[in-house]
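Values quoted throughout were computed directly from the atomic coordinates according to the rules given, and no laboratory measurement underlies them. Model, not experiment: these values are computed from the prediction. Positions of Cβ are backbone-derived with ideal geometry, glycine not excepted, and every protein chain shown enters the neighbour counts.
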Amino acid sequence: MLLIPSLHLTRRCALACGLAALLAACGTPADAPAMRLGQAESLQLRSWVPNGLRAQMQLMPVSGGQPTGRYWGAKISNSSLQEALEESLRDTGLYAPRPAEARYELRVSLIQLDQPMVAVLDAKVAVTLSYTVIESRGGRTVYERKLRTLHTTEFGSAMLDPNERMRMASEAAIRSNLNTLLRELLELKWPE
């Protein structure tokens with residue numbers, strides 16, 4: 001016996017596939033909590049913070065981010081990057097509770113975000129951030145560096161949504177970048 005699918009069932013399948021395609025095409029912006037350091041990383045770094053840097057860092061407004069498009073992409077906005085940085089600094093014990101009394105200013109700019117146009121399989125993202133630490137009173141530059149980090153999110157992490165894979169890869173690349181920054185800062189000599 002030969003089974004022929006009904007026209008009604010075929011239309012339903014086509015409609016379901018169309019809706020799935022529309023949902024997969026929605027832009028997925030990077031999420032600040034997913035970009036900040038994890039609790040274990042923060043606690044580990046917190047134990048290494050020298051006294052001269054503890055609660056002495058003021059974060060200036062972040063620049064270079066972009067809002068995510070409504071229909072496609074996974075960008076990093078200034079506000080979400082600012083929040084991720086601020087929370088990471090706070091969790092590691094660097095953030096100054098009173099910014100006016102901070103010894104140092106941290107200036108951050110998102111220089112480059114390399115993403116594929118469409119993450120057909122794995123999503124490989126590279127991010128470059130520029131960091132500058134300046135003495136608040138003297139204006140002397142204490143630290144200046146551009147850091148580039150990469151992260152790949154595999155196809156199986158979000159099979160139906162390439163934007164979701166790009167978002168996850170972007171967040172992980174930022175998290176890795178922040179981790180590298182904080183480790184480098186903690187290795188420097190800081191006056192008491």
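The lysines whose alpha-carbon is closer than 30 Å to the alpha-carbon of residue 75, local same-chain residues fewer than 8 away aside, are 124, 146. Ordered by the count of other Cβ atoms within 10 Å of each Cβ, fewest first, 124, 75 give 124, 75. Percentage of Cα-Cα pair distances in the stretch 29-187 greater than 27 Å, rounded to whole percent? Tail fraction, whole percent: 24. At full extension, residue 122 and residue 184 could sit 19.3 nm farther apart than now, given 0.36 nm per residue minus the alpha carbon distance. Peptide packing for 96-108, 139-151 was compared via the average number of neighbouring C-beta atoms within 10 Å per residue; ordered from the highest value, the list is 96-108, 139-151.
The distance between label points at residue 142 and residue 60 comes to 1.4 nm (points 7 Å beyond Cα on the Cα→Cβ vector). Among residues other than residue 107 with Cβ under 15 Å from its Cβ, the summed charge is 0 (Lys and Arg +1, Asp and Glu -1).
Per-residue 3J(HN,Hα) values for the stretch 182-192, derived from phi via the Karplus relation 6.51 cos²θ - 1.76 cosθ + 1.60 with θ = phi - 60°, read 5, 5, 5, 4, 5, 7, 6, 7, 10, x, 5 Hz in sequence order (x marks Gly and Pro).
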